[in-house]
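Heads up: the structure comes next, in structure tokens.
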Amino acid sequence: RDFAMLKLANFLKLPSSTKIELKEPELIPSFKVDESIALAQAEQNSQRTVAFKRNLLEANMNVQAAKRNTRFQANLNATYGLTNSGAVLQPLYVSPQPQQSVQFTFQVPIINWGKNKASVQTAIANRDLTETQVEQDRQNFVQEILLIAKQTEMYRIKLLIAMKADTIAQKRFSITMSRYLIGKVTITDLNIANQDKISANSNYVSALRNFWMNYFDLRRKTLYDFEKNEVINYHK
């Protein structure tokens, strides 16, 4: 417990000597998680959706680039120079126009042994593979969001039930204790009521943990606050 509290203080950027008192929440969230809203917000706000679009765009661009490389290409180079001759160096740079020369080089590829065609086919195959992978990843993403949304609502209902059971167990123990003090029940009855109280409270705390962890996982993946019905904006 002490180590867990120390980790919590470090996470909250508090001094290690800080005493933290944990309290169970008095109110249970009443909002419901709509699966269609969760999916729509995830598709709109998630970086994974952006990655899907980017991968498809890059694959199509690679195909277009490969096709452009198959077009006829020729290189024309021109070289212009001035020449002169003389017994002395300095006059060579004076009026050399009568000895002008121009050279043209024209390069045309004759055959590339199907290299360009193979490049296009490879780019198309890679694009098809990318499309298949993106579609599979998108389906997995959709299923993941829908599952988390469904689990969040399920955990919320379980939390309400656990809270009610905890309240009943606490009252039952209190009544049993009062009856034990006046000799109406045995110590065995009191122990049973106490064990039921401990078990019910443990189940309630576990239900709290499951709900909030699942809910904040959904918030992180959708960037949406279902309690306030608004997009989450993080400011630096």
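Odds and ends about this structure:
- Residue match in the range 8-28 (condition: in contact with a Leu (Cβ under 8 Å, 6 or more places away or on another chain), at pLDDT 85 or above and not acidic (Asp, Glu)): no
- Inter-residue pairs, beta-carbon under 7 Å, first of a type in the set (Phe, Trp, Tyr) and in the range 34-54, second surrounded by 15 or more Cβ atoms within 10 Å (Cβ to Cβ), 6+ apart: Phe52/Val134
- Complete set of residues in the range 7-56 that are farther than 30 Å from Glu135 by Cα, of a type in the set (S, T, N, Q) and in a helix (DSSP H, G or I): Asn10
- Residue match in the range 184-192 (condition: within 48 Å of the chain's Cα centre (by Cα) and free of Cβ contacts under 8 Å to residues at least 60 places away in the same chain): yes
- Selection status of Ala207, hydrophobic (A, V, I, L, M, F, W, C) and over 16 Å from Ala38 (Cβ atoms): yes
- With respect to the conditions (1) in contact with a Phe, Trp or Tyr (Cβ under 8 Å, 6 or more places away or on another chain); (2) closer than 17 Å to Pro25 by Cβ; (3) modelled with pLDDT of 95 or more, Glu227 falls short on a single one, namely (3).
- Residue satisfying condition, being surrounded by fewer than 10 Cβ atoms within 10 Å (Cβ to Cβ) and at positive phi, within set Lys19, Lys23, Lys13: Lys13
- Within the range 97-107, none of the residues are modelled with pLDDT of 95 or more and farther than 30 Å from Leu27 by Cβ.
- The condition (being closer than 30 Å to Glu230 by Cα and touching an Asp or Glu at 6+ places or on another chain (Cβ under 7 Å)) is satisfied by just one residue among Tyr204, Tyr215: Tyr204.
- Pairs, first over 30 Å from Leu160 (Cα atoms) and in the same structural domain as Phe211 (by TED's automatic domain parsing) in the range 9-24, second part of a loop (DSSP other than H, G, I, E, B) and among the small types (Gly, Ala, Ser), C-beta under 8 Å, six or more apart: Asn10/Ser16
- Residue match in the range 187-209 (condition: surrounded by 12 or more Cβ atoms within 10 Å (Cβ to Cβ), assigned to a loop (DSSP other than H, G, I, E, B) and assigned by TED's automatic domain parsing to the domain that holds Asp34): no
- Top-ranked residue of the range 210-236 - restricted to ones that are part of a loop (DSSP other than H, G, I, E, B) and among the aromatic types (Phe, Trp, Tyr), ranked as nearest to Ala162 (Cα to Cα): Phe226
- Residues that are among the hydroxyl-bearing types (Ser, Thr, Tyr) and crowded, with 16+ Cβ neighbours inside 10 Å, drawn from the range 154-179: Tyr155, Thr176
The values are calculated or read from the model by the stated rules, or taken from the named source; none is laboratory data. Bear in mind that the values here come from a model prediction, so they are computed numbers and not experimental data. Cβ atoms come from the backbone with ideal geometry, glycine included; neighbour counts cover every protein chain shown.
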